[in-house]
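Every number here is computed from the coordinates shown, using simple stated rules; none is lab data. Remember, it's a predicted structure, so these values are computed and weren't measured experimentally. FYI the Cβ positions are ideal-geometry reconstructions off the backbone, even for glycines, and counts take in every protein chain you see.
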Amino acid sequence: MNEIDREVQNIIDREWERQQSVLRMIPSENIVSDNVLKALGSCFVNKYAEGYPEKRYYQGQVNNDALERLTCERACRLFGAEHANVQSYSGSPANMAAYMALCQPGDRIVGLGLNSGGHLTHGWKVNFSGNLYESHQVEVNRDTERLDYDEVEAFCKEVKPKVLFIGTTSYSRAFDFARLREIADHCGAYLVTDIAHVAGLVVAGAYPNPVPYADIVTMTTHKTLRGPRGGMILCRQEHAKALDRAVFPGIQGGPHMNQIAALAIALGEAAKPSFKEYGHQIVKNAARLADELVQRGLRIVSGGTDCHLMVVDLRAKNVDGKTAAIALEKAGIVCNFNAIPYDPNPPRHPSGIRLGTPSITTRGLKENDMPRIADWIVGVLEAPDDQAVLDNTAAQVREFLKGFPYHHNG
Ligand SMILES: *Cc1c(COP(=O)(O)O)cnc(C)c1O
């Protein structure tokens, strides 16, 4: 690299070093394989492909068409879907396309509230979904901190939404997708499920698959699915045309074909038996970590986890989520602060942190490694201002992680 690009390369090198030397416990992050990285940097980055296979607006599409078809086939086979659209730039535009395919601006929608685990794109006020549509938000039950399906049904019967949009970024319990289908049917709504976080677990058979029940299933491809940053949408054949039209030309121009090449590779990796093991190991690690934290005096929202993540209520340790997240980062444990349902504290200083196991599981950590991590976390929560504790923990984390390779071949 020449002198000027050395400036950028130095930053990339430092990021590579950072990622390897800390416990990355943000549940939406992962580590892609060497092959996924290579495909992202492939010559497809140079090529425009507006449109769909055999219906493009530029010439020179022979390889784009083959690549996009292969990727869609792999997606449909892996999830048991009738139709796939792999062009969404990311999860948020994928959700926008789902709304556009099923309803009109001003229509009523029901989504899960943010503090209950919903995403911004599920009808939050400052997001397009809360602006363009008449958004109503359902919350988890105050006592159980879980979705109470009778409450959801009563709510939907009252609101009569055109679309019931269910998915989460921090709800640790498996959804009952069959029941959600029933609810949608009872109130004449379409059902969209957003499995951005759990897509990889679904493929691995470690989490229920909503594809048989939902009209449209949206997801990101870079979380547990362990592919490139991007979005993907599956749907029933009856919605295929409207959905494709919503993605292009409704929202986007040309798809990122290098991202699609990388997605094809990630879907190939996800079809291997080793990915099944990976998905189940993620869940085992999360369950064990939750147990170990409870044994050390912390409370897990909803009482535990069925998936890769958990929200930890920190109030027993007299520290707020923001202070904890900052202290943990100094100690080599990277997570994010997170509200708990009905959080009595303000959003900037909520009562919880969110922890996930996808990245550390990719590195090869197993259940038996979780008690050690719980010790480190609790040590920091009990002394967030003690620089010696933070430095000492960071050094131990760094040393420990030297035993776990950062790259993999899927
Ligand atoms: C991450 C996420 C998204 C958004 O994905 P981006 O790629 O960040 O736009 C949407 N929905 C859910 C449930 C998510 O977790």
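Classification of the chain by its C-alpha gyration tensor yields an oblate form. The axis ratio a/c (a ≥ b ≥ c) is 1.5 or more, and b/c is at least a/b. Once the Cβ-Cβ distance of K272 and K241 is raised to the sixth power relative to R0 = 30 Å, the FRET efficiency obtained is 0.35. Charges were assigned to the Cβ only: +1 to each Lys and Arg, -1 to each Asp and Glu. The resulting dipole of region 86-147 about its Cα centre is roughly 60 debye.
Can you give the FRET efficiency for I326 and E82, using 1/(1 + (r/R0)^6), R0 = 35 Å, r = Cβ-Cβ distance, to the nearest 0.05?
0.15
Among W124, W16, W376, the ranking by other beta carbons within 10 Å of each residue's beta carbon, starting with the fewest, stands as W16, W124, W376. Think of it as helices only: each DSSP H run of n ≥ 4 in the chain is worth -39500 (n - 2.57), and spread over all residues that comes to -13000 deg cm²/dmol at 222 nm.
Residue-wise HN-Hα couplings along region 76-90, as the Karplus relation 6.51 cos²θ - 1.76 cosθ + 1.60 with θ = phi - 60° gives them from phi, are 4, 5, 5, 9, x, 9, 7, 8, 10, 10, 10, 8, 4, 4, 6 Hz; Gly and Pro carry x. Rg over Rh for region 77-134 works out to 1.02, both radii taken from alpha-carbon positions and Rh defined as the Kirkwood radius.
Kirkwood-type hydrodynamic radius, region 1-74: 15.8 Å, calculated from all non-identical alpha-carbon pairs. Pull the list of the chain cysteines that no other Cys approaches to under 4.7 Å, Cβ to Cβ. By the Cβ distance rule, which asks for a partner under 4.7 Å, the isolated cysteines are C43, C72, C76, C103, C235, C307, C335. Spacing of the modelled spin labels on K55 and H280, each 7 Å from Cα toward Cβ, amounts to 4.2 nm. How about region 304-368: which trypsin sites (Lys or Arg not before Pro) there are in a DSSP loop, with at most 11 other Cβ atoms within 10 Å of their Cβ? For trypsin sites (Lys or Arg not before Pro) across region 304-368 that sit outside H, G, I, E and B with at most 11 neighbouring Cβ atoms in 10 Å, the list reads R348. Suppose R0 equals 45 Å. What FRET efficiency, 1/(1 + (r/R0)^6) with r the Cβ-Cβ distance, do E15 and E151 give to the nearest 0.05? That pair, E15 with E151, gives E of 0.55.
Considering only alpha-carbon pairs that sit under 8 angstrom and 6 or more positions apart, the relative contact order computed for the chain is 23 percent. The listed peptides 151-158, 186-193, 104-111, 116-123, ordered by packing as a protection proxy, come out as 116-123, 186-193, 104-111, 151-158 (highest mean of other Cβ atoms within 10 Å first). Here the dipole of the chain is about 500 debye; that uses its Cα centre as origin and unit charges on the Cβ of Lys and Arg (positive) and Asp and Glu (negative). Note on S42 and E73: the model spin-label points, each 7 Å out from Cα along the C-beta direction, lie 1.5 nm apart. Estimated at 0.36 nm per residue, the fully extended path between D391 and D143 surpasses their Cα-Cα distance by 85.4 nm. Close Lys pairs in region 273-401, defined as Cα atoms under 25 Å apart and 8 or more places apart or on different chains, number 6.
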